[in-house]
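The values are calculated or read from the model by the stated rules, or taken from the named source; none is laboratory data. It should be emphasised that the depicted structure is a prediction, and the values quoted were computed from it without experimental measurement. Note: ideal-geometry Cβ built from the backbone for every residue, glycine included; neighbour counts use all protein chains shown.
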Amino acid sequence: MTGAAGIDLVGADQAPLLARPYYLGGDPGPIVAALAHVPELLEVALPFIGVALGPSAMEARAKELAIVRTSALLGCRYCVETHTPVARDAGLAAEEVRALRGEAGLEDVFADPGERALLAWVDALALGRGPLAAELREAVAARFGTPFLVELTILVGATMMLNRFCTALDLPTSPETRHRLEAEGLGWP
């Protein structure tokens, strides 16, 4: 596997039998290459991650708002770097990405009340403890509906899990992604 990581990443030639299907298309990326150490976990974690972060009724823009913001709040270099181009491809402007990453004020960039409510939920969930304020929960549910609120909450929780996983194991960002970030002036410390 390319790139330095905090652990040895499993290459295709060392992949356990249960992990081999993930290598059929080439390099599966550092999350899979790390999880391949425990293929039983890989088999259940990857489908969950794919559903939580993948296409759904929630628009890609909303998902990326939540993922980039959560990852920045938790200081996950890998997830911020990996999802910044995804967020840009989902239609977020560079200044919106910078605000999500804490490089500008959210209130200066995001005027839409729905997006502000979504971001307030993300901030409270990612940084808080215990139940979140009922008025915040009601504001998001009133704006988007209860299914959206439930999905958003799972999305943030799954992102937090991945943030801790990627940060603890110091997973490397691909050179292609780093090049794109530099080209767009969106490198992240």
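Conditions (1) at pLDDT 95 or above; (2) out of contact with any helix residue (DSSP H, G or I) (no Cβ under 6 Å at 6 or more places or on another chain); (3) aromatic (Phe, Trp, Tyr), marked per residue:
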{"residue": "69", "(1), (2), (3)": "yes, no, no"}
{"residue": "75", "(1), (2), (3)": "yes, yes, no"}
{"residue": "78", "(1), (2), (3)": "yes, no, yes"}
{"residue": "87", "(1), (2), (3)": "yes, no, no"}
{"residue": "94", "(1), (2), (3)": "yes, yes, no"}
{"residue": "99", "(1), (2), (3)": "yes, no, no"}
{"residue": "117", "(1), (2), (3)": "yes, no, no"}
{"residue": "121", "(1), (2), (3)": "yes, no, yes"}
{"residue": "126", "(1), (2), (3)": "yes, no, no"}
Q | Failed item in (1) in contact with a helix residue (DSSP H, G or I) (Cβ under 9 Å, 6 or more places away or on another chain); (2) not in a loop (DSSP other than H, G, I, E, B), with residue 47 passing the rest | A | (1)
Q: Give the number of residues within the range 142-165 that are among the basic types (Lys, Arg) and under 15 Å from residue 127 (Cβ atoms).
A: 1
Q.
Exactly one condition in (1) in contact with a His (Cβ under 9 Å, 6 or more places away or on another chain); (2) closer than 30 Å to residue 117 by Cβ is false for residue 57; which is it?
A. (1)
Q: Check off (1) closer than 18 Å to residue 68 by Cβ; (2) surrounded by fewer than 18 Cβ atoms within 10 Å (Cβ to Cβ) for residue 122 and give me the number that stays unchecked.
A: (2)
Q) Only one of (1) closer than 28 Å to residue 173 by Cα; (2) in contact (Cβ under 8 Å) with a residue 24 or more places away in the chain fails for residue 95. Which number is that? A) (2)
(Q) For the range 71-99, which positions are surrounded by 24 or more Cβ atoms within 10 Å (Cβ to Cβ) and farther than 21 Å from residue 29 by Cα? (A) 97
Q) Restricting attention to the range 73-92, which residues are touching a residue at least 40 places away in the same chain (Cβ under 8 Å), closer than 18 Å to residue 186 by Cβ and of a type outside the set (D, E, K, R)? A) 73, 75, 76, 78, 79, 80, 82, 84, 85
(Q) Please go through the range 12-33 and give me each residue that is under 30 Å from residue 119 (Cα atoms) and part of a helix (DSSP H, G or I), ordered by number. (A) 30, 31, 32
Q: Please enumerate the residues belonging to the range 65-113 that are part of a loop (DSSP other than H, G, I, E, B) and not small (Gly, Ala, Ser).
A: 74, 76, 92, 101, 103, 110, 112
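Is it true that some residue in the range 37-44 is surrounded by fewer than 18 Cβ atoms within 10 Å (Cβ to Cβ) and in contact with a Gly (Cβ under 9 Å, 6 or more places away or on another chain)?
Checking the range 37-44: not a single residue is surrounded by fewer than 18 Cβ atoms within 10 Å (Cβ to Cβ) and in contact with a Gly (Cβ under 9 Å, 6 or more places away or on another chain).
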Q. Right, residue 165: of a type in the set (Phe, Trp, Tyr) and either under 23 Å from residue 9 (Cα atoms) or crowded, with 21+ Cβ neighbours inside 10 Å (or both) or not?
A. yes
Q.
Residues that are within 23 Å of residue 96 (Cα to Cα), over 16 Å from the mean Cα position of the chain (by Cα) and touching a residue at least 40 places away in the same chain (Cβ under 8 Å): does the range 146-160 have at least one?
A. yes
